[in-house]
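Q: Quick one: this structure, given as structure tokens, is what I'll be asking you about.
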Amino acid sequence: MTQTAHGVEFTQHLSENPKSAEERAAILANPGFGDYFTDHTAVVDYSVDAEGNGGWHDARIEPYGPISLDPSAAVLHYGQEIFEGLKAYRHADGSIWTFRPEANAARLNKSARRLALPELPEEYFLGAIRELVAADKDWVPSGDGEALYLRPFMIATEAFLGVRAAREVSFRVIASPAGNYFGGELKPVSIWISREYARAGRGGTGAAKCGGNYAASLIAQQEAEAHGCKQVLFLDQFNDNAVEELGGMNVFFVMKDGSLVTPALSGTILEGVTRSSVIQVARDMGREVTERKITLDEWRDGVASGEIAEVFACGTAAVITPIGVLKDATEFIGSEDAKAGETTMAIRAQLLGIQTGTVEDTHGWLTRLA
């Protein structure tokens, strides 16, 4: 069967062995994050012909399962890989919506340009998400703070060991029911300062959402977890220890006058979709938002003086998470007894309300999927 979404035809090869309603219900009762996956995946292939013309083709929905790759596939050797993350939310009337998918499609292509991968037309990106959610709509949870996490990704599949951009690529979308990212009641988290490791460098891939950036962050994340912290903070040690971002989240500071400050995009910081949404929501609430350099010294001094009233992190997976303590072997900034700040929670409630359909979407951010 073939269906058309956003002008692109997706052939349907549905699973003959989907999870039963009982199995699915058991998973949705406690989905965790990234632990379980739905019955299907969306796939679109890219190849370059003998004349050097490249194109996307064979858009399809097929059963979720292992990917067959040649051992010499470029992604396994040269890391040509990018990905995105967004969520599908079930609204009170049972309809399913996603949040700002066009922004994710645009960022995917920005990442593709940096990693020498082919750009994916927006209609393929949106069509793949729509068709996958339509096939697996029963997997979208309805509990408080829950959603279906969507992971679009692009990998270089060409079997070739020469160092050049691959001429065969696969774009795919998988989906995973998700509970609260940090689990349980929302409480301020502890953050570890990475003194030895950097997430990205000038002229590197910091502004791209690619696996290599996350691989580089894992050793620092392990260090953070060994010290009882949920996330790690990366600094620019060659720029007055300017605050960059966490391992997978952007950082915001709420000043005592109610304004917000967040590190300016410098080429080493990922331009988060949630980040830009927080900026807009805060401005809608009448708050001034400034994007500028902010250093570890300013964070330390601002918390001590009261100039910085609240600190929070944001990203697709966790949405907004308050930060209580920032620490390393010699530093301890903030309080382990800190409560989530009023401004942090107000912005979080507004943003989640838009995503889940309980607050009016005045910016046209929502796209209905099913």
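Q: Could you work out the relative contact order of the chain? I mean the mean sequence separation of Cα pairs under 8 Å and 6+ apart, divided by the number of residues, in percent.
A: Result for the chain is 18 percent.
Q: Of (i) 141; (ii) 436; (iii) 149, which is the value of volume of the Cα convex hull per residue in Å³ derived from the coordinates here?
A: Only one listed value fits the structure, namely (iii).
Q: Among Ser305, Ser142, Ser190, whose mean-square fluctuation peaks in a Gaussian network model of the chain (Cα, cutoff 10 Å)?
A: Ser305
Q: Next question, about the same structure. Go ahead and collect, in residue order, the members of the stretch 247-277 whose backbone nitrogen is under 13 Å from a label point 7 Å along the Cα-Cβ direction of Ala346.
A: Taking a point 7 Å out along Cα→Cβ of Ala346, the residues of the stretch 247-277 whose backbone N falls under 13 Å are 254-260.
Q: What number comes out for accessible area per residue over the chain if the probe is 1.4 Å? Units Å², please.
A: It amounts to 44 Å² per residue over the chain.
Q: I would also like to ask the following. Can you pull the percent of the stretch 212-331's accessible area that's carbon plus sulfur, 1.4 Å probe, other chains left in place?
A: Using a 1.4 Å probe with all protein chains present, the stretch 212-331 comes out at 47 percent carbon and sulfur.
Q: Now for a different question. Have a look at Ala220, Ala208, Ala349 and tell me which one the Gaussian network model of the chain (Cα, springs below 10 Å) gives the largest fluctuation.
A: Result: Ala349 has the largest fluctuation of those listed.
Q: While we're looking at this one, here's another question. Whenever you get a sec, compute what percent of the accessible area on the stretch 9-87 sits on carbon and sulfur atoms (1.4 Å probe).
A: Answer for the stretch 9-87 is 48 percent, counting heavy atoms of protein chains only.
Q: If you filter the stretch 214-320 for chymotrypsin sites (Phe, Trp or Tyr not before Pro), then keep DSSP loop positions with at most 14 other Cβ within 10 Å, what is left? Present the calculation step by step, with values, prior to reporting the outcome.
A: Working: sites: Tyr214, Phe234, Phe238, Phe252, Phe253, Trp299, Phe312; in loops: Phe238.
Passing sites in the stretch 214-320 are Phe238.
Q: OK, next. Mind putting a number on the dipole of the chain about its Cα centre? Charges go on the C-beta only, +1 for Lys and Arg and -1 for Asp and Glu, and I need it in Debye to the nearest 20.
A: Roughly 340 debye, rounded to the nearest 20.
Q: What's the local net charge at Ala264, with K and R +1, D and E -1, over the other residues with C-beta under 10 Å away?
A: +1
Q: At 0.36 nm per residue, minus the direct Cα-Cα distance, what do Ser276 and Ser68 gain on full extension? Give it in nm, one decimal, please.
A: 71.2 nm
Q: Turning to a different aspect of this structure: Hey, can you rank 313-321, 143-151 by average C-beta count inside 10 Å, highest first?
A: 313-321, 143-151
Q: Met345 accessible area, nearest 10 Å², 1.4 Å probe?
A: Accessible area of Met345: about 70 Å².
Q: If you don't mind, there's one more thing I want to ask. Between the stretch 79-114 and the stretch 250-270, how many Å separate their Cα centres?
A: 23 Å
Q: In addition: Within a Cβ distance under 14 Å of Gly211, other residues only, what is the Lys/Arg minus Asp/Glu net charge?
A: Every neighbour counted, the sum reads +3.
Q: Mean-square fluctuation check for the chain, GNM, Cα pairs under 10 Å: which of Pro121, Pro141, Pro101 is largest?
A: Pro121
Q: Which residue, chosen from Gly306, Pro66, His91, occupies the Cα position most advanced towards the positive end of the dipole of the chain, where the dipole is computed from +1 (Lys, Arg) and -1 (Asp, Glu) charges on Cβ about the Cα centre?
A: Gly306
Q: Let me ask something else about it. Could you check how much of the accessible area of the stretch 123-168 is carbon and sulfur, as a whole percent, using a 1.4 Å probe?
A: 45 percent
Q: Follow-up question, since we're still on this one. So for the chain, taking the charge dipole from beta-carbon charges (+1 Lys/Arg, -1 Asp/Glu), which of Ala329, Ala21, His57 sits furthest toward the positive end?
A: Ala329
Q: Additional query: Shape verdict for the stretch 206-249, please, from the Cα gyration tensor: rounded (a/c under 1.5), prolate (a/b greater than b/c) or oblate.
A: Because a/c hits 1.5 or more and a/b fails to exceed b/c, the stretch 206-249 counts as oblate.
Q: A follow-up question, please. For the stretch 281-370, state which GluC sites (Glu not before Pro) are in a DSSP loop and have at most 10 other beta carbons lying within 10 Å of their beta carbon.
A: The qualifying sites are Glu360.
Q: Now, a different point. Expected output is a single nm value to one decimal: the length gained when fully extending between Val289 and Gln237, i.e. 0.36 nm times separation in residues minus the C-alpha distance. What is it?
A: Gain on extension, Val289 to Gln237, equals 16.2 nm.
Q: Would you mind calculating the gained length between Ser305 and Ala226 on full extension (0.36 nm times residue separation, minus the Cα-Cα distance), in nm to one decimal?
A: 25.5 nm
The values are calculated or read from the model by the stated rules, or taken from the named source; none is laboratory data. Note that this is a predicted model, so its numbers are computed, not measured. When we count neighbours, we look across all protein chains shown, and the Cβ atoms used for this are built from the backbone with ideal geometry, even at glycine. SASA here: full protein model, heavy atoms, side chains in, ligands and nucleic acids out. Shrake-Rupley method; radii C 1.70, N 1.55, O 1.52, S 1.80 Å.
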